[in-house]
Amino acid sequence: MATNDPTTTTKENCHVNPKNRNILVTSALPYVNNVPHLGNLVGCVLSADVYARFVRQRNYNVLYICGTDEYGTATETKALAEGVTPKEICDKFFKLHKDIYDWFDIRFDYFGRTSTPAQTEICQQIFWDIYHNGYVTEESLEQLFCESCGRFLADRYITGTCPLCGFEDARGDQCDNCGRLLNPTDLLTARCSLCNNCPVLKKSDHLFLDLPALKDDLEKWIQVSSVKGDWSFNAIHSTYKWLNEGLKKRCITRDLKWGTPVPLEKYKDKVFYVWFDAPIGYLSITANYTSAWKEWWQNPEQVTLVQFMGKDNVPFHTVIFPATLIGTKRKWTMLHHISVTDYLNYEDGKFSKSRGVGVFGNDAKDTGIATEVWRYYLLVNRPENADTVFSWDDFAAKNNHELLANLGNFVHRTITFLCNHFEGRVPMEYDELMELDRQYVQQVDEELHNYLQTMEKVSLKNGLRIAMSISRLGNVYLQETSPWKLIQEQPKRAATVLLVAVNICRLLAVLLEPFMGSVFSQKIFSQLNIPHNDETNRIPDNFQLDLVQPGHVIGKPMLLFTKITTEQATQWREKFAGGQLANQPGDSSHRSTQTTKSSHEEDAFLDGWKIEMRVGRIVQVEEHVDSSHLYVCQVDLGGEGKKNVRQVVAGIRNYFSKDELLNRTVIVACNLQPVVLAGVESQGMILTAEKKGKVHLLSCEKWDEEKKKLEEAPALGTLVEIDGGDVSKASFPILDRKGFQDASKWLKIDGQGHVVFHKKHKLMAKNCVVHGNGAQENAKIR
């Protein structure tokens, strides 16, 4: 195997151990051109690092692989714009990524890259296998060609209107609004995102992976692996969504120069599509690390593969890549468990590098906040089952209350007491454990067992919660035994308490290292005067009072954490808010900042109310003749005759039957710019609440518990307003799709199932609350 990549540091002794558990861990390969933000970090490399550290500390044989995904259109286009080669762009960003991950204390076994000879060799061999096995077909595509740029346009450099949901800024490969994968020619009103001109169709021959031919074998594998590997709900949902919609042949070639060349003479000017090529990067990066790569990747009997990623990447790892490997008819180490995260949002919006909104990987270091604090907050806030939000107020609160007051306080009290009262030594003479001591030791032991079981299941957030509960037990134990009172009259009893406490400190150091990194655990090891290495850092099976032996001389106490003040949190919020908050000159006091924020929120309150929502009733439903996803609905908005009946094209055909929709009371967005969807004009939008693939119609009908029936809904055409809010300043401009997306971000489903504006203000249609018909909390309004 060729391994002449200049970043290679081959480890020849990295072998599978037949007498041990062998776990292969991968993180989704970050695209090289993007500076990772906090959401990217927690979704992929940080979460994988937690699990890899845990299994290492359990003494399993582990290999953690990641690297930059470097091929594709974005790199080629950026290189053209900057007048450099794609390789130079990749070299620059590879170092940036590596520096960020090093600062976050990510312990890869190897962090490589995909633009290597090994990638070409392995990718082409896999292609030849599926090609000779009959799973590659050739088809001529009508492809979009920009005459102005003189090139075929790759998927992501074509934008247009999504044919499924009507989103006007959908990319040629995927709609960011509804999440559906697309082909560029599916887009309505397509345009070149480089020059904004309309491209023309030209024919180009391409190669396709025949997914329908692999469907039966793929489904059998999914049925077994998803159960055996205990896949998460969001992974299973995304996978079966693909299967249920019907597998289609997927194009695996592109008209580019920067990529893995297609090894067929007819296609010598094309490269493999990044989503055929990129997952193979896991294999080639491993090959650039060790010549024993096949021991890991072609050894399903002895190796367990655990993969980490954000929810957008799931189908490529559970459908396309496994189907490709199955098509080779070779033996491969296939996905066992997949750990998937939802989105981490920033304050009230999304991370945006172009607008300077949010904390990106290269920003965290500049705050002066320790790496372990960042890691802790991201993981305690990990979006495992739903989207979560990074908030500076919450960040400060968790640092101050959970890290400083709980964990840091317990360790510091213990080490300081030993130094002040036992000459910096774990006491040799101590009383036998009392019943109270045994109870606490047993509770810690039980929590340790819970921790081990939870982490084995890759439930990282719960694992961290359990570890911190042990710290709380330690604090409660010290408070209940009060060694500072015992030391004068019962020194041996005080010694017993400190023996228990110092052993809990050692346990916490190893249990928290997966989450907070080795820089953190080394600080506790240093205070305990214990060397920090793989042997001393093992996570034990049971908690016993032998982790720190009597007579052991400890080190000096030091503070593990420092307080984050309200002023600091406010400063950082403003610094990373982009255009969200105006920087106020002059007085920078807390009072001044709070006034600015309140003013901003009041303006946003009024500015965000831009959707004219009215009560309507669906009076006719027809299937769209040119789209299997769309209905053409006639919606009555009240008034005389047919003048207030609007035609709405709705992308809800996969979720509701015609009978379920007919005569339903719905909420309609009425001030949208008319759009043509698959040849039919739509004059509004039927609003829904969506979360985890479940779609619910918004409504305002009230249930009468006594009569066990729906009460009469408000009159058709009733304007939806804010409960208790003064919206007299609100205006209803004509909104394009982007305008609607910006306005609808203020709407969510609350814990009672009601639609709320700005997280707390209920929407009302006369005296009826607008609700989501059973939608989950935090479901988005679309």
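Every number in this text was worked out from the coordinates using simple rules, so none of it is lab data. Owing to the predicted nature of the structure, the values given are computational and were not obtained by experimental measurement. Counting neighbours? That spans all protein chains shown, and the Cβs are built from the backbone with ideal geometry, glycine included.
Compared with the alpha-carbon gap, the fully stretched path from Thr189 to Lys365 is longer by 59.0 nm at 0.36 nm per residue. For the pair the stretch 640-686 / the stretch 64-141, the C-alpha centres are spaced 44 Å from each other. The calculated FRET efficiency for Val676 paired with Gln620, based on their beta-carbon distance and R0 = 22 Å, is about 0.70. Between the Cα long axis of helix 233-245 and the first principal axis of the chain there is an angle of about 30°, rounded to the nearest 10. Looking at the chain alone, DSSP beta bridges between its own residues are antiparallel in about 75 percent of cases. Distance between the 7 Å Cα→Cβ label points at Gln571 and Arg330: 5.6 nm. Farthest toward the positive end of the dipole of the stretch 608-781, out of Leu661, Leu763, Leu677, is the Cα of Leu763, where the dipole comes from beta carbon charges about the Cα centre. The relative contact order of the chain, computed from alpha carbon pairs under 8 Å that lie at least 6 residues apart in sequence, is 11 percent. Summing Cβ point charges (Lys, Arg +1; Asp, Glu -1) relative to the Cα centre of the stretch 608-781 gives a dipole of roughly 420 debye. In straight-distance terms, cross-link reach from Lys766 covers every one of the aspartates and glutamates whose alpha-carbon lies under 13 Å from its own, apart from those fewer than eight places away in the same chain; here that gives Glu701, Glu712, Glu721, Asp723. A cysteine counts as unpartnered when no other cysteine's C-beta lies under 4.7 Å of its own; in the chain this applies to Cys14, Cys44, Cys66, Cys90, Cys123, Cys195, Cys198, Cys251, Cys419, Cys505, Cys633, Cys670.
Looking at this model, which pairs from Lys241/Lys691; Lys215/Lys248; Lys268/Lys329 are more than 21 angstrom apart at the alpha-carbon? Going by Cα-Cα distance, Lys268/Lys329 fall outside the 21 Å limit.
Taking the Cβ-Cβ separation of Ser482 and Lys350 as r and a Förster radius of 41 Å, what is the calculated FRET efficiency to the nearest 0.05?
Rounded to the nearest 0.05, the efficiency is 0.25.
A protection proxy built from the mean count of other Cβ atoms within 10 Å ranks the segments 423-433, 384-394, most packed first, as 384-394, 423-433. Rounded, prolate or oblate: which fits the stretch 608-781 when a ≥ b ≥ c are the square roots of the eigenvalues of the alpha-carbon gyration tensor, with rounded for a/c under 1.5 and prolate only if a/b beats b/c? Rounded, because the longest to shortest axis ratio a/c is under 1.5.
At a Förster distance of 41 Å, what's the computed FRET efficiency of Asn196 paired with Gln443, Cβ-Cβ distance as r, to 0.05?
The calculated FRET efficiency here is 0.05.
Rounded to the nearest 10 degrees, the inclination of helix 435-456 to the longest alpha-carbon principal axis of the chain is 40 degrees. Peptides 219-226, 737-744, 290-297 ordered by packing proxy, namely the average of other Cβ atoms within 10 Å per residue, highest first: 290-297, 737-744, 219-226.
Axis angle, to the nearest 10 degrees, between helix 211-228 and the longest C-alpha principal axis of the chain: 30 degrees. Does the stretch 375-472 come out rounded, prolate or oblate, given a ≥ b ≥ c as the square roots of the eigenvalues of its C-alpha gyration tensor, rounded meaning a/c under 1.5 and, failing that, prolate meaning a/b above b/c? Oblate shape, in that a/c is at least 1.5 and b/c is the bigger or equal ratio. Placing dummy labels 7 Å off each Cα toward the beta-carbon, the span from Lys220 to Lys492 is 7.1 nm. The three principal axes of the Cα atoms in the chain give end-to-end lengths of 93, 70, 58 Å, sorted in falling order. Here the label points at Lys95 and Asn773, each 7 Å from Cα along the C-beta direction, are separated by 5.7 nm in the simple model.
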